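Right, one structure below, let's go through it.
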Amino acid sequence: MRSFSRLYATLDETTSTLAKRAALAQYFRTASPADAAWAVQLLRGGKLPRLMGAAALRELASEVTGFPSWLVAESHAQVGDLAECLTLLVESVAETHDADVDEVPLSQWIERIRAMTSADDEVRRVWLADAWRRLPQAERFVLNKLLTGALRVGVSARMVALALADASGVAVERITRRLGGKWLPGAEAFMALISTLEDSGEDSAATPYPFYLASPLEGDPATLGDAEDWLAEWKWDGIRAQLLRRGGRSLIWSRGGEDLEGRFPEIEAAAMSLPDNCVLDGEILAWSESMPLPFIRLQPRINRLKPGANLVTSTPTRLLAYDLLEGGGRDLRQHSLSERRAALENMIASIPGNAAIGLSEQVRFRNWAELGAHRSLARERNVEGLMIKRLDSVYRDGRKRGDWWKWKVEPLTIDAVLIYAQSGHGRRAGLHTDYTFALWQGDGLVPFAKAYSGLTDAELLELDRWIRTHTIERFGPVRSVQPSLVFELAFEAVQLSKRHRSGVAVRFPRILRWRRDKNPQEADSLDNLRTLAGLAVGD
Amino acid sequence: MHRDLLQLRAEGLYCPAGEFWIDPWRPVHTAVITHAHADHARAGMGRYVAASAGIGILRARIGMDGEIETLRYGEGRRFGAATVSLHPAGHILGSSQVRVAVGDETWVVTGDFKRQSDPTCAPFEVVPCDALITEATFAYPVYRWPEAGDVAAQILEWWNACESRGASALLLCYALGKAQRLLAELARLTDRTVLLHGAMVALTQLYRDAGVSMLPALPVGDRRAPELVGQLVLAPPSAAGSPWMRRFADVETGFASGWMQIRGHRRRRGHDRGFVLSDHADWFDLVRTVRETGARRVLTTHGQQEVLARHLRETGIEATSLRTHIGDES
């Protein structure tokens, strides 16, 4: 694992994407195919099965080092990253190392971790404690990263594909395509990934095309030019997916590369009415009558591998298609959107109108002002805003600016009081950057949202200092602070919720600005938020 | 109730028996100074008492007008009923611990200290005492310092790598203490000349005057990009992001500090490299030092005082945290 831990350190040390890409390519050129395969998987965000939860890992560190558990917990809060904290704590009992003794390749470490999933708790603990003591610090850190989740080292799936292309000479489009769908790491899979030979039809039959992603439109759509060159649709708040009909089978893939087979039986059933060898791009939504349901309703359906009949009846789902990437076995991506759209509309017309697959209707408009008026009604329709797509655009790969735009509704906002703070993770480690906000209910403040983003680095530092000097009480890493600072929060939607003490849940809360001009008595009440909730859910 | 030998007053840490203050933050008539860093040595005191080894630096820091009385390490000086002596703290050149004895009771204030070897100053001396007031800047067990020599070797390797790709290596570090320690550590590995930011030039000369052996160094002066290629340049952290940086074309920045032990701190500052080198004691040396002094009572200050105090209490030492105005560096 030495060369992989060196790669990790290099990726971690530089902020330059070019330097990262070069380091990745160098690793792919020199690593064994089995190691390279796992590097591809892990750097694209792949995770290994969890052997132990965070609490169990901290407890083991406490046992191994002799530090009391509160001190391990305090250290975790100070460092932010659990894997890093464990690595540093264990340093005090680590053995000294001779270079190159017992070097075990990355792929074998992963085999060991996977083998441990079927071992007893005690066996796992003994195994891990031993690994901690024997591994040098950099490798111990990588092992702990593997055991606690994704690597998160500032590398995108796209960058991995580019580096693979650099290392192999195979075009990045082919690499991306081969990595689409469910790619299983292994030496042979890696050799196939960088093979210069043409893919057989079978290899590509089950994999989706790389998704084309829209860019946010910040300003006035008039800057896009003539309105008649563009098509508009609602921006649905569901999950992006491709539906593949190939060889009589139906497959559904999420944008994250997850195989959703079995999760949406009603959509798979409807797909039987589609012709063979076609690929639709669209959005899966929870659906009722003629309206999409809020995203929160879709969540149980995403999580359930085989939904029961009750769930399917109470929360039916629907795929709204907006693009046709393949028809009659032909790749249509280089055709214009207007051509693809016409073919899609033809195809959807052949299936019943109330089926679980439908068309994402166009929003008709004659000029940008009219489109703006449509957008102002978006929240009442349970959609996030509008998509604006150039009619003559081809279907590209990844997020390329210019042809597809998402024009979201203005967020809802409310003024709330800061009541708790907790230290952050990653580059925010050791700073209190995770905040809990409250609203008034009578004379009391009721917590209703957590937010992490929206302040500048300078504001984060200033607020951290303020929190340290205005702490009322500490509960481990969490501090309650004097309720005197007001922040304007933005969020996309409000839902009534039984799981939250405030009775409401807000979607994507973030800090819009620090309201230094307001005192806490001027913050909003929970009733104000409920009023917004009433508007948002329309009941 | 027992009257404490040292007490926290509005002006700072005060000794009633000797009528003097230690590192006060407001003007007083008599200030015993542990070392010349700005949060410990402030201008405006009537009279300063400090270790003779650090007199040059202290003069440079607080101006020439203050009356300074110097003590050799270990030399006793009577203030009223109290006997005061200064002992090496190993933090920077001339840094001291303050020992205060009244009758048969002894208190020691560590000031900032470290136990790691440092070629620029006298090594820390364990001073047995009844009560110890200790700093706690890095009081978490995740802070465990690597050998300074290994860190210097990493810095040299980085300098070479920058040079071979035609870049400058800008190493940010505190201007007093850390910069000179780096120059002294690197002098064991190379004899090349280093360039210094203007804020470090006079201080480094004071170290040379005191007989500390370091790498040759020249002021950056008005050198511009082409002359800076392949050079190692030392500058205070405040230089990063300032117009001073415009002199560089292709530059990598490193930061030498104990905080660099944590990746998040390094990433937040946006530096290319972090080098773990501190002039404070790590967790293990903090705990070891408390034990070695034999103190039955410990007051923790300066940083993570609550964490260290709780840990000490659990090992049977009467420990409480003390809030001073000396910066919470975290």
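Throughout, read-outs are computed from the coordinates displayed, never taken from laboratory work. These figures come from a predicted structure and were not determined experimentally. So basically every Cβ, Gly included, is an ideal-geometry build from the backbone, and we count neighbours across all protein chains shown.
Given N residues in the stretch A:60-200, what is its alpha carbon radius of gyration divided by 2.2 N^0.38 Å?
Here the Cα radius of gyration is 1.31 times the empirical estimate.
Output needed for the stretch B:43-174: three equivalent-ellipsoid semi-axes, defined as square roots of 5 times the C-alpha gyration tensor eigenvalues, in descending order, whole Å.
For the stretch B:43-174, the semi-axes come out at 35, 20, 12 Å.
How many nm separate the modelled label positions at B:Arg9 and A:Ala150, each set 7 Å beyond the Cα in the direction of the Cβ?
The modelled label-to-label distance comes out at 5.9 nm.
If you keep only loop residues by DSSP, which GluC sites (Glu not before Pro) in the stretch A:274-327 have at most 16 other Cβ atoms within 10 Å of their Cβ?
Here the GluC sites (Glu not before Pro) that fit, given the DSSP loop and packing criteria, are A:Glu289.
I need to check one value: relative contact order of the stretch B:1-137, counting alpha carbon pairs closer than 8 Å and at least 6 residues apart, in percent.
16 percent
So who's got an amide H within less than 5 Å of the one on B:Arg47, skipping anything under 5 residues away but keeping other chains? H placed 1.01 Å off N, in plane.
B:Thr30, B:Ala31
Provide the per-residue ³J(HN,Hα) series for the stretch A:314-319, in order, calculated from phi with Karplus coefficients 6.51, -1.76, 1.60 and θ = phi - 60°, each as a whole number of Hz, with x at glycine and proline positions.
Using θ = phi - 60°, the values come out as 6, 10, x, 10, 8, 9 Hz.
What residues have an amide H closer than 5 Å to that of B:Thr137, excluding those fewer than 5 places away on the same chain, when H is modeled at 1.01 Å from N in the peptide plane?
B:Gln304
Straight distance only, please: which lysines reach the Cα of B:Lys178 with their own Cα at less than 26 Å, same-chain residues fewer than 8 apart left out?
In chain and number order, the partners are B:Lys114.
Using only the alpha-carbon atoms, how far is helix B:198-209 inclined from the longest principal axis of chain B? Give it as 0 to 90 degrees, nearest 10.
It is inclined by approximately 60 degrees.
Starting from the Cα coordinates of the stretch A:32-97, work out the convex hull volume and express it per residue in Å³.
Value for the stretch A:32-97: 116 Å³ per residue.
Let me make sure I get this right: for the stretch A:385-539, a, b and c are the square roots of the gyration tensor eigenvalues over alpha carbons, sorted descending. Under 1.5 in a/c it's rounded, otherwise prolate if a/b > b/c, else oblate. Which is it?
Verdict is oblate for the stretch A:385-539.
Please express the shape of the stretch A:343-428 as an equivalent ellipsoid: the semi-axes are the square roots of 5 times the eigenvalues of the C-alpha gyration tensor, given largest first in whole angstrom.
Its equivalent ellipsoid spans semi-axes of 35, 19, 17 Å.
Order A:7-17, B:70-80 from most to least packed using the mean count of other Cβ atoms within 10 Å.
Peptide ranking by packing, descending: A:7-17, B:70-80.
Please rank B:Val28, A:Val394, A:Val494, fewest neighbouring Cβ atoms within 10 Å first, as an exposure proxy.
A:Val394, B:Val28, A:Val494
Round to a whole angstrom and tell me the spacing of the C-alpha centers of the stretch B:228-245 and the stretch A:15-38.
Between the Cα centre of the stretch B:228-245 and that of the stretch A:15-38, the gap is 31 Å.
Once the Cβ-Cβ distance between A:Glu59 and A:Ser92 is put in as r, and R0 is 30 Å, what FRET efficiency do you end up with, to the nearest 0.05?
Using R0 = 30 Å, I get an efficiency of 0.95.
Can you work out ³J(HN,Hα) from phi for every residue in the stretch B:150-159, in order, using Karplus 6.51 cos²θ - 1.76 cosθ + 1.60 and θ = phi - 60°, giving whole Hz and x for Gly and Pro?
Coupling constants for the stretch B:150-159: 5, 5, 4, 5, 4, 5, 5, 4, 5, 4 Hz.
Using the Kirkwood formula over every pair of different C-alpha atoms, what hydrodynamic radius in Å results for the stretch A:1-55?
Radius from the Kirkwood sum: 12.3 Å.
Work out from phi, with θ = phi - 60° and the Karplus expression 6.51 cos²θ - 1.76 cosθ + 1.60, the ³J(HN,Hα) of each residue of the stretch A:221-236, listed in order in whole Hz, and give x for Gly and Pro.
The phi angles translate into x, 4, 5, 7, x, 5, 4, 6, 7, 10, 10, 10, 9, 5, 8, 6 Hz.
For a footprinting-style exposure proxy, rank B:Met45, A:Met272, A:Met291, B:Met260 by other Cβ within 10 Å, fewest first.
Fewest-to-most Cβ neighbours within 10 Å comes out as A:Met272, A:Met291, B:Met260, B:Met45.
Given Cα pairs under 8 Å that are at least 6 residues apart, what percent is the relative contact order of chain A?
Relative contact order, chain A: 13 percent.
Hey, how much of the P(r) for the stretch B:197-330 falls beyond 17 Å, as a percent of Cα pairs?
When every Cα pair of the stretch B:197-330 is considered, 71 percent fall beyond 17 Å.
In bins 10 Å wide, starting from 0, what share of all Cα pairs of the stretch B:1-107 does each bin hold, as a percent?
Taking every Cα pair in the stretch B:1-107, the percentages come to 16, 51, 29, 3, 0.
What Rg and what Dmax come out for chain B when only alpha-carbon atoms are used, in angstroms?
For chain B, the Cα radius of gyration and maximum Cα-Cα distance read 20.4, 69 Å.
For Cα pairs less than 8 Å apart in space and 6+ apart in sequence, what is the mean separation divided by the residue count of chain B, i.e. the relative contact order in percent?
Contact order relative to length: 16 percent.
For the stretch A:204-239 and the stretch A:400-470, what is the centre-to-centre distance using only Cα atoms, to the nearest Å?
Centre-to-centre (Cα) distance: 29 Å.
With labels modelled as points extended 7 Å from the Cα through the Cβ direction, what inter-label distance (nm, one decimal) is found for A:Arg255 paired with B:Arg208?
6.1 nm
As an exercise, use a Förster radius of 51 Å and the Cβ-Cβ distance of A:Ser338 and A:Met191 to find the FRET efficiency, rounded to the nearest 0.05.
In this case the efficiency is close to 0.80.
If you average the C-alpha positions of the stretch A:104-151 and of the stretch B:164-208 separately, how far apart do those two centres end up, in angstrom?
Cα centroid to Cα centroid, the span is 41 Å.
Rounded, prolate or oblate: which fits the stretch A:274-386, taking a ≥ b ≥ c as square roots of the Cα gyration tensor eigenvalues, rounded meaning a/c under 1.5, else prolate when a/b beats b/c?
In terms of gyration-tensor shape, oblate.
Name the residues whose placed amide hydrogens come within less than 5 Å of the amide hydrogen of B:Leu71, ignoring near sequence neighbours (fewer than 5 apart) on the same chain.
Distant-sequence amide H within range of B:Leu71: B:Ala50, B:Ala51, B:Ser52.
Length gain on complete extension for the stretch A:Ser480 to A:Asn346, per 0.36 nm per residue less the alpha carbon to alpha carbon distance?
42.3 nm
Order by neighbour count: A:Asp517, A:Asp397, fewest other Cβ atoms within 10 Å first, most last.
Starting with the residue having the fewest Cβ neighbours, the order is A:Asp517, A:Asp397.
Of B:Val212, B:Val49, B:Val142, which has the largest mean-square fluctuation in a 10 Å C-alpha GNM of chain B?
Result for chain B, Cα springs under 10 Å: B:Val142 fluctuates most.
Could you work out the helix-only [θ] at 222 nm for the protein assembly as shown, with each DSSP H run of four or more residues adding -39,500 (n - 2.57) and the total divided by the number of residues, to the nearest 500 deg cm²/dmol?
-9500 deg cm²/dmol
How would you classify the stretch B:120-212 from its alpha-carbon gyration tensor, with a ≥ b ≥ c the square roots of the eigenvalues: rounded for a/c under 1.5, else prolate if a/b is greater than b/c, otherwise oblate?
It comes out prolate by the Cα gyration axes.
Kindly provide the chymotrypsin sites (Phe, Trp or Tyr not before Pro) of the stretch A:282-349 that DSSP labels as loop, not H, G, I, E or B, and whose Cβ sees at most 13 other Cβ atoms within 10 Å.
Those that pass, being in a loop and sparsely packed, number zero.
According to the Cα gyration tensor, what semi-axes, each the square root of 5 times an eigenvalue, does the equivalent ellipsoid of the protein assembly as shown have, listed from largest to smallest in whole Å?
Whole-Å semi-axes of the equivalent ellipsoid: 58, 32, 27.
Let's test the formula: R0 of 22 Å, r as the Cβ-Cβ distance of B:Glu292 and B:Arg323. What FRET efficiency results, to the nearest 0.05?
0.30
Restricting attention to the stretch A:92-195, which GluC sites (Glu not before Pro) occupy a DSSP loop and are surrounded by at most 13 other Cβ atoms within 10 Å?
Those satisfying the criteria are A:Glu95, A:Glu103.
For B:230-236, what's the mean count of beta carbons from other chains sitting within 10 Å of each residue's beta carbon?
Partner Cβ neighbours, averaged per residue: 0.
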